[in-house]
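Worksheet: the structure to be examined is printed underneath.
The values are calculated or read from the model by the stated rules, or taken from the named source; none is laboratory data. The shown structure was predicted, so the numbers you read here are calculated from the model rather than taken from an experiment. Please note: Cβ atoms are built from the backbone with ideal geometry, for glycine as well, and neighbour counts cover all protein chains shown. SASA here: full protein model, heavy atoms, side chains in, ligands and nucleic acids out. Shrake-Rupley method; radii C 1.70, N 1.55, O 1.52, S 1.80 Å.
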Amino acid sequence: QLLVILLRSPDGTLQVNRSTDGRTYSGWQRLASHSAFAPTAIGFAEQLHIFTRDSAGLVWTQHSLDGSQFSQPIALGGPLAATPQPIIENGQLLLIGQGLNGFLYSLAASDLAAANWATWQPYSSTASPLAASTDSATSLLEVGVNFINPENWQNYQLPAYARLRPRLAKFSLFYDQYPTTPTFSAAEFDAAIAAGAQTIIVRTAETRTAPADVEQQLTVPLLGTTISLLDYIQRHPAVNFWLEVGNEPDLAGISPLVARYSLLATIRDLGPRYRQSHPNLRWMASLPTRLGLPNSTLDEYRGLAYLDTLLADHGDGLGAISTHYDALGVHLYGADTFAQAYPANHTASEQFDCAGSNGDAHCPLLILDRVLSQTALPIYITEAGIDAAMPWALKAQYYVEAMRHLPARVRGFALFTLSLDPEWYAGATANCPKPAGSNCSRYALDVDEQGRVDPAFAGAQLIGRCSQNLALSGPPAVGLNCAPPCQQQWAPAPRQPRSAVQRTTCAVEGREPLAPQPTTGQGTPLLLTVPAATGSRRRGRIAGKPA
């Protein structure tokens, strides 16, 4: 008799221990698997088969004859809302799992050794959900940062990032101005993984998204190294990598049909090739803002119609983006908070006119809600920012409040941004490098508009502690104030699609003066020297964020 115990360790990896008598055990052994949730197992045809689900909802399996030596992980597809349950039905090994749409699906092994598998098929004609599981998609939201450059990496970005207790990192690796020169080196990837990132999203250039362009970006050496992004991914099989193709195509000035063709041609030409050689690399399509091309003469190019045109199957044989990509990347921006159009900060028309002319900053959930209604794919919020001068700990509370109300299909939340480039924190001060009359934004989390950094990284620390409580679906720790003043009581997050118009009527603290600044201990603020922007590395159309 063989007794095998499986568990998920704190770092997300799978551990196994075995015994032949139930009294003595061989010791915990770490399996070469992806980050795993709630493993399940079954004995079949004199072998032990284990199944796990990774952070993207995809299913993996390994098998063993003796509980000591295991096969390499085999990808079984997905995504599913929970780890599937193995059963033996009519002498055949089956997996039964719930899709993100609520329907049950089955996957059958093609042979007795379960070395080969068929494809997922509907298990029943009705949407019968599985029993509630602690391993549901609602129990985990990976939180991290969208890194846009490596400036002030050691003295600000990395320590603040570590205090987020991150599971996610996004690197805007390429920009249109430098289509073959990565912005980051392998060292920054290493640092993010060491800080806790288990999922890494890498963004291509904004408009250079044709197959040849993307392949060049995958194979060019990372900054200061001789290895490419593909090499790096292959050397880190336990990390989940996503390639986000493109960036806000409407703000980049691309028509939705051109953007659609580039995205579909790239996944058609490159996806099958690299899915085989790089099983931990998945593909994500970057979606537009709600503005579209507002000056276009074509109705289908303006506003939300741009998104609809991008996502549609136009009957040209290419199909739809949602049928070829593994996930979708959505940006979520709020001018003051993520609660739409706080009454005290905006006019009546801005408060309620989400179908009108005001931008994403006043109605940040429109794109997300539209995508949720049109596709069943997992969604990552690959940029999330609040452009406001307010105490940073309060801004952090608004971030956490937004996370609490995200639906289950949203798997990641990347803050924009920790950079100390003055374009992203200087506001209307003299530090802003933009022309007179063009104010800079105020997105940086723990730095005020004068460039003074909170040495305790209070905002990042609060998000890290609160988001951990969020993942556990419970109340915050005693003394931990996770909700902003508008939210009087902590309650389980309603993890379901909401109406795009969702208001609150409480007072807005964003208009209060900044809190007193921490000091270095000598009575003076901690002031970091930030080189003036020269325009040599502009961010393409990213600079078009709400300001």
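Quick one: is Thr180 touching a helix residue (DSSP H, G or I) at 6+ places or on another chain (Cβ under 8 Å) and farther than 28 Å from Arg163 by Cα? Spelling it out, Thr180 is indeed touching a helix residue (DSSP H, G or I) at 6+ places or on another chain (Cβ under 8 Å) and farther than 28 Å from Arg163 by Cα.
Take the range 154-165 and flag every residue that is farther than 11 Å from Ala192 by Cα and surrounded by 19 or more Cβ atoms within 10 Å (Cβ to Cβ). So that I can check it myself, show each step before the final result.
Residues of the range 154-165 that are farther than 11 Å from Ala192 by Cα, as a first pass: 154-156, 160, 163-164.
Passing the criteria: Tyr156, Ala160, Arg163, Leu164.
Cβ-Cβ distances below 6 Å connect no pair with a first residue in the range 386-401 that is without any contact (Cβ under 8 Å) to a residue 40 or more places away in the chain and open to solvent by 10 Å² or more (accessible area, probe 1.4 Å), a second residue that is of a type outside the set (A, V, I, L, M, F, W, C) and part of a helix (DSSP H, G or I), and a separation of six or more residues or different chains.
A Cβ distance below 7 Å, combined with a sequence gap of six or more or placement on separate chains, defines the contacts here; from the range 311-340, residues that are polar (S, T, N, Q) reach residues that are open to solvent by less than 30 Å² (accessible area, probe 1.4 Å) and in a helix (DSSP H, G or I) in the pairs Ser322/Leu311; Thr337/Tyr398; Thr337/Gly510. Residues in the range 419-435 include none that are open to solvent by 10 Å² or more (accessible area, probe 1.4 Å), under 30 Å from Ala312 (Cα atoms) and of a type outside the set (Lys, Arg). If only residues of the range 229-242 that are more than 15 Å from Val214 (Cα to Cα) and touching a helix residue (DSSP H, G or I) at 6+ places or on another chain (Cβ under 8 Å) are counted, the one that is most open to solvent (accessible area, probe 1.4 Å) is Gln234. Scanning the range 313-350 for residues that are of a type in the set (Val, Ile, Thr) and open to solvent by 40 Å² or more (accessible area, probe 1.4 Å), we see that the one that is modelled with the highest pLDDT is Thr323. Would you call Ala376 touching a residue at least 12 places away in the same chain (Cβ under 8 Å) and under 14 Å from Asp446 (Cβ atoms)? Considered against the rule, which asks whether it is touching a residue at least 12 places away in the same chain (Cβ under 8 Å) and under 14 Å from Asp446 (Cβ atoms), Ala376 comes out as no. Restricting the range 201-221 to residues that are in a strand (DSSP E or B) and within 18 Å of the chain's Cα centre (by Cα), the residue that is farthest from Ala265 (Cα to Cα) is Ile201.
A single member of Thr289, Thr309, Thr337 is outside any strand (DSSP E or B), under 21 Å from Thr207 (Cα atoms) and in contact with a strand residue (DSSP E or B) (Cβ under 7 Å, 6 or more places away or on another chain), and it is Thr289. Within the option set Ala197, Ala192, being open to solvent by less than 30 Å² (accessible area, probe 1.4 Å), touching a Phe, Trp or Tyr at 6+ places or on another chain (Cβ under 9 Å) and assigned to a loop (DSSP other than H, G, I, E, B) holds for one residue only, Ala197. Can you pull out every residue in the range 20-51 that is among the hydroxyl-bearing types (Ser, Thr, Tyr), open to solvent by less than 40 Å² (accessible area, probe 1.4 Å) and modelled with pLDDT of 85 or more? Listed by number, the list holds a single entry, Thr40. Within the range 238-263, residues that are in contact (Cβ under 8 Å) with a residue 12 or more places away in the chain and farther than 10 Å from Thr207 by Cβ have Cβ atoms under 7 Å from residues that are in a helix (DSSP H, G or I) and of a type in the set (Val, Ile, Thr) in these pairs: Val239/Ile193; Phe241/Ile233; Val245/Val214; Val245/Thr266; Pro256/Thr309; Leu257/Thr309; Arg260/Ile321; Leu263/Ile321, counting only partners at least 6 apart in sequence or on another chain. Look through the range 400-420, keep the residues that are in contact with a helix residue (DSSP H, G or I) (Cβ under 7 Å, 6 or more places away or on another chain) and of a type in the set (Val, Ile, Thr), and return whichever of them is nearest to Ala162 (Cα to Cα). Among those residues, the one meeting the criterion is Thr417.
Which ones in the range 140-165 are assigned to a helix (DSSP H, G or I) and touching a residue at least 12 places away in the same chain (Cβ under 8 Å)?
Trp153, Asn155, Tyr156, Gln157, Leu158, Pro159, Ala160, Tyr161, Ala162, Arg163 - these are the residues of the range 140-165 that are assigned to a helix (DSSP H, G or I) and touching a residue at least 12 places away in the same chain (Cβ under 8 Å).
Scanning the range 166-189 for residues that are surrounded by fewer than 22 Cβ atoms within 10 Å (Cβ to Cβ) and in a strand (DSSP E or B) turns up just one, Tyr178.
Per the conditions (1) surrounded by fewer than 23 Cβ atoms within 10 Å (Cβ to Cβ); (2) modelled with pLDDT under 95, the sole criterion not satisfied by Trp283 is (2). Quick check: is even one residue across the range 243-260 surrounded by fewer than 20 Cβ atoms within 10 Å (Cβ to Cβ), out of contact with any Ser or Thr (no Cβ under 9 Å at 6 or more places or on another chain), modelled with pLDDT under 95 and assigned to a loop (DSSP other than H, G, I, E, B)? The answer is no, given that none of the residues of the range 243-260 is surrounded by fewer than 20 Cβ atoms within 10 Å (Cβ to Cβ), out of contact with any Ser or Thr (no Cβ under 9 Å at 6 or more places or on another chain), modelled with pLDDT under 95 and assigned to a loop (DSSP other than H, G, I, E, B).
Among the criteria (1) closer than 22 Å to Leu372 by Cα; (2) touching a residue at least 60 places away in the same chain (Cβ under 8 Å), the one Tyr301 does not fulfil is (2).
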